Amino acid sequence: MLNEATRVEQSRFNMVEQQVRTWEVLDAKVLHLLQTLPREAFVPKAYQGLAFADIEIPLGHGQTMLSPKIEGRFLQALALTAQDKVLEIGTGAAYLTALMAKQAKHVDSYEVHRALSNQAGKSLSAQKIKNVTLHVGDGLALANGQYQAIVLTGSLPVYPQAMERLLAIGGRMLVVVGSAPVMQAILVSRVDENSFKQDVLFETCLPVLENAPQPSRFEF
């Protein structure tokens with residue numbers, strides 16, 4: 001019979017091999033991070049048994065944790081380097097935050113719920129991750145500066161064109177746009193001062209970010 005530590009490691013291995021890798025996440029560095037950074041350390045105690053399941057885990061306040069395969073695809077698409085400054089909108093459980101911090105120079109992460117941000121800080125500290133600044137507030141409205149990478153961890157009904165100004169030249173932004181049941185994960189690259197390139201990576205369906213801009217509605 002497997003002891004608890006062995007069972008956890010087997011579950012982690014299965015998560016990486018059966019969920020993440022089969023979703024076209026093949027970057028060796030990303031797979032290694034998912035295998036070594038303990039996802040269970042960021043999951044609420046009530047859901048520890050589901051830490052490696054292919055689901056969105058409830059975090060409270062109407063928020064959920066991204067599934068492992070989405071976290072893997074996001075991380076692979078951003079292709080972070082040790083010189084990158086990253087902006088994250090929606091800290092949530094901070095597991096993706098931690099994954100990005102392991103690859104980037106620094107992560108600024110915004111979360112509208114103070115309780116979630118406070119718990120994220122505890123989880124990051126427990127893993128001795130120090131290159132993250134947590135902000136409480138609506139990052140869609142408050143974020144400023146220039147970033148090499150931007151990720152929005154929830155979906156938006158309309159494309160966030162205002163976020164483009166925060167991308168440094170050569171930077172990339174990952175955003176999920178659309179309405180349920182079908183949304184598109186889009187990788188946006190800033191080519192120069194006035195040019196942006198968009199690549200649709202895959203279809204998915206994520207909860208809508210709080211305070212997300214809504215489509216204009218015409219009345220007749």
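Throughout, read-outs are computed from the coordinates displayed, never taken from laboratory work. No experiment lies behind these values; they were computed from the predicted model shown. Note that we place each Cβ from the backbone using ideal geometry, even for glycine, and neighbour counts take in every protein chain shown.
Which one, Pro181, Pro44, Pro58, has the greatest fluctuation when you compute a Gaussian network model over the chain with C-alpha springs under 10 angstrom?
Largest GNM mean-square fluctuation: Pro181.
Check cross-link reach from Lys130 to the aspartates and glutamates: straight Cα distance under 14 Å, and skip same-chain residues fewer than eight apart.
Straight-line reach from Lys130, under 14 Å: Asp108.
Relative contact order for the chain using alpha-carbon pairs under 8 Å, separation at least 6, rounded to a whole percent? Before the final figure, lay out each step's value.
Numbers: 400 pairs, mean separation 30.1, N = 220.
This gives 14 percent for the chain.
Once amide H atoms are built 1.01 Å from N in the peptide plane, which residues 5 or more positions from Val132, or in another chain, come under 5 Å H to H?
Val107
In the chain, which longest range has no GluC sites (Glu not before Pro) that are both DSSP loop (not H, G, I, E or B) and surrounded by at most 10 other Cβ atoms within 10 Å?
Working: sites that count: Glu193, Glu219.
Free of exposed loop sites, the longest segment is 1-192.
Taking the chain as a Gaussian network, where each spring joins two C-alpha atoms under 10 Å apart, which residue of Leu37, Leu167, Leu87 fluctuates the most?
Leu37
Going by Cα centres, segment 79-105 and segment 1-54 are how many Å apart?
First find each Cα centre; the distance between them is then 19 Å.
Work out the length of the dipole vector of segment 4-204 about its Cα centre, built from +1 on the beta-carbon of each Lys and Arg and -1 on the beta-carbon of each Asp and Glu, and round it to the nearest 20 debye. Working shown, then result.
Working: 19 positive and 19 negative charges, 107 e Å.
The dipole of segment 4-204 has a size of about 520 debye.
Once Lys and Arg get +1 and Asp and Glu get -1 on their Cβ, which of Gln63, Ala41, Phe52 lies farthest toward the positive end of the dipole of segment 7-150?
It is Ala41.
How large is ³J(HN,Hα), in whole Hz, for each residue of segment 88-100 in order, when computed from phi with the Karplus curve 6.51 cos²θ - 1.76 cosθ + 1.60 and θ = phi - 60°, using x for Gly and Pro?
Along segment 88-100, the couplings run 10, 9, x, 5, x, 6, 6, 5, 4, 3, 5, 4, 5 Hz.
If you build a Gaussian network model of the chain, linking Cα atoms that sit under 10 Å apart, which residue out of Ala180, Ala41, Ala77 swings the most?
Maximum fluctuation in the GNM of the chain, among the listed residues, is at Ala180.
Could you pull out every residue, at least 5 positions away or on a different chain, whose amide H is within less than 5 Å of the one on Leu201? Hs are placed 1.01 Å off N in the peptide plane, and Pro or chain starts have none.
Answer set, sorted by chain and number: Ala185, Ile186, Leu187.
Assigning unit charges at the beta carbon (Lys, Arg +1; Asp, Glu -1) and nothing else, what dipole magnitude in debye, to the nearest 20, does segment 88-212 show about its Cα centre?
Working: 10 positive and 10 negative charges, 107 e Å.
Charge dipole of segment 88-212: 520 debye, to the nearest 20.
Pop out the ³J(HN,Hα) list for segment 191-196 in order, Karplus 6.51 cos²θ - 1.76 cosθ + 1.60 with θ = phi - 60°, rounded to Hz; leave Gly and Pro as x.
Using θ = phi - 60°, the values come out as 7, 8, 4, 10, 10, 9 Hz.
Quick one: what are the phi-derived ³J(HN,Hα) couplings along segment 4-12, Karplus 6.51/-1.76/1.60 with θ = phi - 60°, whole Hz, x for glycine and proline?
4, 4, 5, 4, 4, 5, 5, 5, 5
Which lysines have a Cα less than 22 Å from the Cα of Lys69, not counting those fewer than 8 places away in the same chain?
Within the straight-line cut-off, Lys69 pairs with Lys29, Lys45, Lys102.
For Ala168, list long-range residues whose amide hydrogen, built 1.01 Å from N in the peptide plane, is under 5 Å from its own amide hydrogen.
Here Tyr147, Gln148 satisfy the definition.
Taking only DSSP H segments of four or more residues, each worth -39500 (n - 2.57), what value at 222 nm results for the chain once the sum is divided by all its residues, to the nearest 500 deg cm²/dmol?
Numbers: 6 runs with 57 residues, N = 220.
So the helix-based figure for the chain works out to -7500 deg cm²/dmol.
From the Cα gyration tensor of segment 1-157, with a ≥ b ≥ c the square roots of its eigenvalues, which class applies: rounded if a/c is under 1.5, or else prolate if a/b is larger than b/c, or else oblate? Walk me through the numbers on the way to the answer.
Numbers: a/c = 1.72, a/b = 1.36, b/c = 1.27.
Since a/c reaches 1.5 and a/b is larger than b/c, the shape of segment 1-157 is classed as prolate.
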